[in-house]
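The values are calculated or read from the model by the stated rules, or taken from the named source; none is laboratory data. Note that the structure is predicted; figures quoted are calculated from it, not measured. Cβ atoms come from the backbone with ideal geometry, glycine included; neighbour counts cover every protein chain shown. Side chains included, ligands, DNA and RNA excluded: accessible areas come from the protein's heavy atoms. Shrake-Rupley method; radii C 1.70, N 1.55, O 1.52, S 1.80 Å.
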Amino acid sequence: MMRIAILFIASLASAAPPVLTSLEPWGAQRGKALTLTLKGQYLPEGAKIVSTLPATFTPLASEAPGKTLPYLVEIKPDTPVGLYPVRILSPNGVSNLLLFSVGTFPEMKEKEGNDSAEAAQKVNQTPAIVNGSLKAADRDFYEVYGKAGEKRVFEVEARRMGSAIDPSLRIYDSAGKLLSRVEDTAGLGVDCRVEFTFPKEGTYKIEVREARFSDQASNFYRLKMGSYPYATAVYPLGWNRLKDVDVELSGGNLPAPVTVKPLDGMVHLPGSTASLPFPFVQSDLPEMLEPVNDARPRFLPANTVMNGRIRKPGEIDRYSFPVQGGKTYLVEAEARAGGVSQLDALLTVYGVNGDRIESAGDKPPKQAVNAFIVAGDYSRDPYLVFEAPKGAMQVTIAVEDLNGSGSAAHAYRLIAREQKPDFEVSLSTPYVNIPSGGTAVVAVNVDRRGYNGDIRLTVKDLPKDIEVAGGTIPAEIPDIDTRQVSRRGVLTLTAKAGAPARTLDLTVIGEAKLEDGTRIERKALGPGMQTNIRGSFGFVDSSRRAIRPFEAPWLGLALPAMVGIEPPGVLEVKAPRRVRIIQGMRYDFPWTFASKTPGMQLPSAVTPDTPGGRDLRISDGNKRQPGKGLMTMNTTIGTPTGTFDVILSTRAGMGMNDEVVYAPAITVDVVQGYDVGAPKQDGLKLFGTIRREDGFSAPVTITPDALPLGVACPPVEVGENGTEYAIECQASKEAPAGEHMILLNAASILPQGEKGKVPYKIAPVEAKLRIGK
């Protein structure tokens, strides 16, 4: 029996999609050959490596089948310094992506046990790059030799490569005196770099630690040591992808600015340098460079990107922007969020008289707003929406640094345009494996920019053997003071049984229809890769907000996908793909699980996900049975009407080899149980209809309200399943003649509820009552 169980676990493991957890090493010197070992789970021999790295990959025998994939890698000598994506393809699916760094210096590996100054690992020759790792309170020490007056650059590559650590670097003399400390170097994100001048000849200790001593799953770093040029400023930050532009690199230890051309969305220092390139934005819009030495407000055309810099402390750049009174406009800045600029942008819009109309970037990011929206957790750069004052023909847009700073590294990209209600779509899922005959999920985030209605997510040009479901982003509730800026949606992708294994590049879009009938479509941007960052409270910060993972959108990936082999089982929900639930009532979702593997332990519970659902109570009952069950969704009277999705999942397998199995999404419409139609009038008699939802049969009482003086209209009750009402009104001589607006208040009871009868009222209905002379 033990051998059978081991074989069964092995078969489940071999059927799972591959997962990469680390590379060994994380980088190499260009022009050199090395053994690169991919580590992770479910890594089958013969898997295909996929990378943009200019190199040859020769598979080697693995000493730990399923857990490692070694390759002999020969990197071409002219390979540009930079980060290159690496992933694998196997018959079971596509893996996640990791980044491999190519440099110009000789490489070495950290020797464990170097966790004190006394046990520092000696680096006898520089330049060099050390590949190391940090575990929680770990501190790594290295000993180097320096001559008096010699300058050397010490730099840590970590978060830029996808590591979760926040590195801190310290330099000590031979007596243990701290000479230099650096964290979060401007332009490097949380990575750090310092150019250090040795005060005298001798040995020095270099310490690398995690700034908060946090314990991260992805905890690698590369310590770069040597004399090499580096820049800290890039201008412009981007340009039209079809146009030519000169890019200026300056700052750092460069004696003077240098001009280069961008290459494939990156900007490299010329020559044989060890510096990683800077990402460079490629747009499809017209682009301009700000005029220099001009104190007057510059002209900013609509739908044009203005590339500028706050060159000195206290500087404010002003632009004249054409508007039409009463119309709505968007102003947006791109700066620090791109990882290159040091500008904490502050935007302000002024009228012709200098009156402030609106601003952004001068207050903490919000998650919920009303009239004016500030980018929330998903952006660190500000944008604002404003309405041009009546009669206005132009406004002034001011750009400055929030802290009054300025330098060549304080660059920005500014755009303004007329803004109809809009939204942006981004993927939270970097890649997806769709089992043949099974279901996978894709998480999507929507950032609202003035549009608060329903949004439908889908996949463009999806093959016929793959079905999409879910993707509902419900409208914001109109009668509250604040609305959510960001909303999460989930799509399910189900491959038909027998769908052939293949790779796909999928495009997720968001669709919506404006009140004027205009349809808008927005393409989702992919994260490229993701690394979860652990804080002091898990994956949330001290305010209990989710810590944003590391992402690499500069890779330019949409949604890489693969149709793989069958899942371990199929989760089926015995319900229509779209259901209607009356407020305050419940709906039962029977489910079954059919195993694809003999002997599998059947699950006895499911987990629901209801993105966009509000005020719900969900339970799976007390009568659990292996392989089947009942999930019950209870709404309340306070559950708002609208549409959302329900995605059920369960875990199937054995022990640590469990896989999550999903069912296709079910779309739920929460609706009112009944509506009272506006009445017609015959004399002083009002008569109309009641529209009932299937399943709602309770009596309805209609009570007229807001009646004019001298008018009486007694309440009427419409019996069970009744669909017509008639109200007999009476008017005294004092009743004013003419047409009056009154209200019809409707009340009923829920046909089911924990306490038997639950009052159920709907919004009053406006009606016209005509009183004759």
Report task. Go through segment 413-466 and count every residue that is over 30 Å from residue 514 (Cβ atoms), open to solvent by less than 20 Å² (accessible area, probe 1.4 Å) and either touching a helix residue (DSSP H, G or I) at 6+ places or on another chain (Cβ under 7 Å) or assigned to a strand (DSSP E or B) (or both). Result -> 5
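Filter segment 183-195 for residues that are of a type outside the set (Asp, Glu) and either surrounded by 20 or more Cβ atoms within 10 Å (Cβ to Cβ) or in contact with a helix residue (DSSP H, G or I) (Cβ under 7 Å, 6 or more places away or on another chain) (or both); which is nearest to residue 144 (Cα to Cα)?
Of everything passing the filter in segment 183-195, 193 is nearest to residue 144 (Cα to Cα).
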Query raised in the report: What is the one condition in (1) among the small types (Gly, Ala, Ser); (2) under 30 Å from residue 254 (Cβ atoms); (3) surrounded by 18 or more Cβ atoms within 10 Å (Cβ to Cβ) that residue 180 does not satisfy?
Result: (3)
Query - Scan of segment 205-229 for residues that are surrounded by fewer than 21 Cβ atoms within 10 Å (Cβ to Cβ) and among the aromatic types (Phe, Trp, Tyr), ordered by number - result: 213
Report task. Mind listing whichever residues of segment 354-370 are surrounded by fewer than 20 Cβ atoms within 10 Å (Cβ to Cβ) and modelled with pLDDT under 90? Result -> 362, 363, 364, 365, 366, 367, 368, 369, 370
Requested in this report: Could you list, in sequence order, all residues of segment 221-244 that are under 31 Å from the mean Cα position of the chain (by Cα) and assigned to a loop (DSSP other than H, G, I, E, B)?
Outcome: 231, 232, 236, 237, 241, 242, 243
Report summary line: Okay, strands (runs of 3 or more DSSP E) sitting entirely in segment 662-773 with 1 or more residues that are touching a residue at least 40 places away in the same chain (Cβ under 8 Å), I get 666-671, 674-676, 680-682, 685-692, 700-705, 724-728, 738-749, 759-761, 765-771
Requested in this report: Search segment 422-447 for residues that are free of Cβ contacts under 8 Å to residues at least 60 places away in the same chain and pair each with any residue that is of a type outside the set (S, T, N, Q) and open to solvent by 20 Å² or more (accessible area, probe 1.4 Å) when their beta-carbon atoms are under 7 Å apart and the residues are at least 6 apart or on different chains.
Outcome: 443/488
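Among the listed residues 332, 290, 315, identify the single one that is open to solvent by less than 50 Å² (accessible area, probe 1.4 Å) and more than 28 Å from residue 447 (Cβ to Cβ).
Answer to the check: 315.
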Report summary line: For residue 282, the lone unmet condition from (1) touching a strand residue (DSSP E or B) at 6+ places or on another chain (Cβ under 6 Å); (2) closer than 18 Å to residue 335 by Cα; (3) modelled with pLDDT under 95 is (1)
Query - Residue that is farthest from the chain's Cα centre (by Cα) [pool: residues in segment 18-34 that are in a strand (DSSP E or B) and either over 24 Å from residue 217 (Cβ atoms) or without any contact (Cβ under 8 Å) to a residue 12 or more places away in the chain (or both)] - result: 33
Query raised in the report: Exactly one of (1) in contact (Cβ under 8 Å) with a residue 60 or more places away in the chain; (2) more than 31 Å from the chain's Cα centre (by Cα) is unmet by residue 302. Its number?
Result: (2)
Query raised in the report: Just one of 42, 71 is free of Cβ contacts under 8 Å to residues at least 60 places away in the same chain, of a type in the set (Ser, Thr, Tyr) and open to solvent by less than 20 Å² (accessible area, probe 1.4 Å); which is it?
Result: 71
Query raised in the report: Can you name every residue in segment 189-210 that is under 18 Å from residue 549 (Cβ atoms) and either of a type outside the set (Val, Ile, Thr) or out of contact with any strand residue (DSSP E or B) (no Cβ under 9 Å at 6 or more places or on another chain) (or both)?
Result: 189, 191, 210
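Let's see how each residue does on (1) among the polar types (S, T, N, Q); (2) in a strand (DSSP E or B):
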{"site": "272", "(1), (2)": "yes, no"}
{"site": "275", "(1), (2)": "yes, no"}
{"site": "293", "(1), (2)": "yes, no"}
{"site": "311", "(1), (2)": "no, no"}
{"site": "314", "(1), (2)": "no, no"}
{"site": "320", "(1), (2)": "yes, yes"}
{"site": "324", "(1), (2)": "yes, no"}
{"site": "333", "(1), (2)": "no, yes"}
{"site": "341", "(1), (2)": "yes, no"}
**Report entry** Single condition residue 651 does not satisfy, out of (1) in the same structural domain as residue 579 (by TED's automatic domain parsing); (2) touching a Leu at 6+ places or on another chain (Cβ under 9 Å); (3) open to solvent by 30 Å² or more (accessible area, probe 1.4 Å); (4) of a type outside the set (Phe, Trp, Tyr)
**Finding:** (2)
Query raised in the report: Any residue in segment 286-296 that is touching a residue at least 40 places away in the same chain (Cβ under 8 Å), within 17 Å of residue 395 (Cα to Cα) and outside the structural domain of residue 554 (by TED's automatic domain parsing)?
Result: no
Report task. May I ask you to list the residues in segment 256-284 that are farther than 18 Å from residue 240 by Cα and open to solvent by 70 Å² or more (accessible area, probe 1.4 Å)? Result -> 257, 270, 272
Report summary line: If we keep only residues of segment 129-142 that are closer than 12 Å to residue 208 by Cα and part of a strand (DSSP E or B), then the residue most open to solvent (accessible area, probe 1.4 Å) is 139
Report summary line: For segment 169-183, pairs from a residue that is assigned by TED's automatic domain parsing to the domain that holds residue 156 to a residue that is charged (D, E, K, R) and open to solvent by 60 Å² or more (accessible area, probe 1.4 Å), with Cβ under 6 Å and 6 or more apart or across chains, are 170/181
